[in-house]
1. Picking from Ser113, Ser125, which residue would you name as being of a type outside the set (A, V, I, L, M, F, W, C), touching a Leu at 6+ places or on another chain (Cβ under 8 Å) and farther than 24 Å from Phe217 by Cβ?
2. Which one of these does Phe84 not meet: (1) within 14 Å of the chain's Cα centre (by Cα); (2) at negative phi?
3. Regarding the range 86-106, can at least one residue be identified that is farther than 28 Å from Asp177 by Cβ and surrounded by fewer than 17 Cβ atoms within 10 Å (Cβ to Cβ)?
4. Taking the range 124-168 on its own, how many of its residues are among the charged types (D, E, K, R) and at pLDDT 95 or above?
5. Test each condition in (1) touching a residue at least 24 places away in the same chain (Cβ under 8 Å); (2) surrounded by fewer than 24 Cβ atoms within 10 Å (Cβ to Cβ) for Leu124 and report the one that comes out false.
6. Could you tell me whether any residue of the range 155-173 is of a type outside the set (Gly, Ala, Ser) and within 26 Å of Asp229 (Cβ to Cβ)?
7. If Gly72 meets every condition in (1) buried (at least 21 other Cβ atoms within 10 Å of the Cβ); (2) of a type outside the set (Ser, Thr, Tyr); (3) modelled with pLDDT of 95 or more apart from one, which number is that one?
8. Out of Ala179, Ala146, I need the residue that is hydrophobic (A, V, I, L, M, F, W, C), under 17 Å from Arg219 (Cβ atoms) and either free of Cβ contacts under 8 Å to residues at least 40 places away in the same chain or assigned to a strand (DSSP E or B) (or both). Which one?
Amino acid sequence: MALIRCDFFSAALELSTSMTVLLPQSGEAQIGVSGRAGDDPPPLLYLLHGLTDDDTAWTRYTSIERYAAERGLAVVMPQVHRSFYADQAYGMRFWTFLSEELPAIVQRFFRVSARREDTFVAGLSMGGYGAFKWALRQPERFAAAASLSGALDAAHVQKHDRRPHIQRLAATVWTDDLAGGGDDLMHLVAQADPAVLPRLMLRCGTEDHTLAQNERFVRACREAEVPIDAAFGPGGHEWSYWDAEIRTVLEFMKPRAAPS
């Protein structure tokens, strides 16, 4: 794999930002790595970080580079700070950056597939929320989407979580009640057409503080007759859990493998 730290200017954010990118590379002569790269542009995974992380977190704390190499998969990990992947009330337009500007920049900078059947999105915690929001609002873009330990019920958190740092964050991101709007995943699922959605997958540990949010999201999917591959098992809000489950995510997505 090629590991690229890409610094670039974002017109949507009106500042310089960064993304970490993994690109497939043949690895026959490299000891201990089974790299795969074919002649066609590789399938692409947008992999989103959590609230306290940045675009380097997935490569620092998991073996995503090795897992992607085995599958001939390109991975783009953008930097969005503590934005909740939203156009913030008092901040910058991170939703516009993610959903409009970033895909165009990726296609311009890198040779990766632009086909829906080759494009995926996943994330952890805040990134799980971002992945499902992106998939629900732009279902035509993705073949599959996955959330690990997602902060999936932002409307509930905005209204009921009285911890000062959460209230400060919510006031920065959203001024109005977000229930029933485009940042409310429960509303988006209720309004979705199951026939056009990408395949959805959810994993969350039973010791995770987001467990109740994830259980509510699964119920909302079932009420809306939206298929979702959901499972709960031992684990907390921690990298050991996410490193194990990202392999499950990649197996669920089944990206087209590049030929040897």
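The values are calculated or read from the model by the stated rules, or taken from the named source; none is laboratory data. These numbers come from a predicted model, not from an experiment. Please note: Cβ atoms are built from the backbone with ideal geometry, for glycine as well, and neighbour counts cover all protein chains shown.
1. Numbers: Ser125 fails: farther than 24 Å from Phe217 by Cβ.
Step by step, each of Ser113, Ser125 is checked, and only Ser113 is of a type outside the set (A, V, I, L, M, F, W, C), touching a Leu at 6+ places or on another chain (Cβ under 8 Å) and farther than 24 Å from Phe217 by Cβ.
2. (2)
3. Scanning the range 86-106 turns up at least one residue that is farther than 28 Å from Asp177 by Cβ and surrounded by fewer than 17 Cβ atoms within 10 Å (Cβ to Cβ).
4. First pass over the range 124-168, keeping only residues among the charged types (D, E, K, R): 133, 137, 140-141, 153, 159, 161-163, 168.
Narrowing further to those that are at pLDDT 95 or above: 133, 137, 140-141.
So the count comes out to 4.
5. Condition not satisfied by Leu124: (2).
6. Keep residues of the range 155-173 that are of a type outside the set (Gly, Ala, Ser), which gives 156-169, 172-173.
Okay, now just the ones that are also within 26 Å of Asp229 (Cβ to Cβ), so 156-157.
Yes, the range 155-173 has at least one match.
7. (3)
8. Details: Ala146 fails: under 17 Å from Arg219 (Cβ atoms).
When all the criteria are applied, what remains is Ala179.
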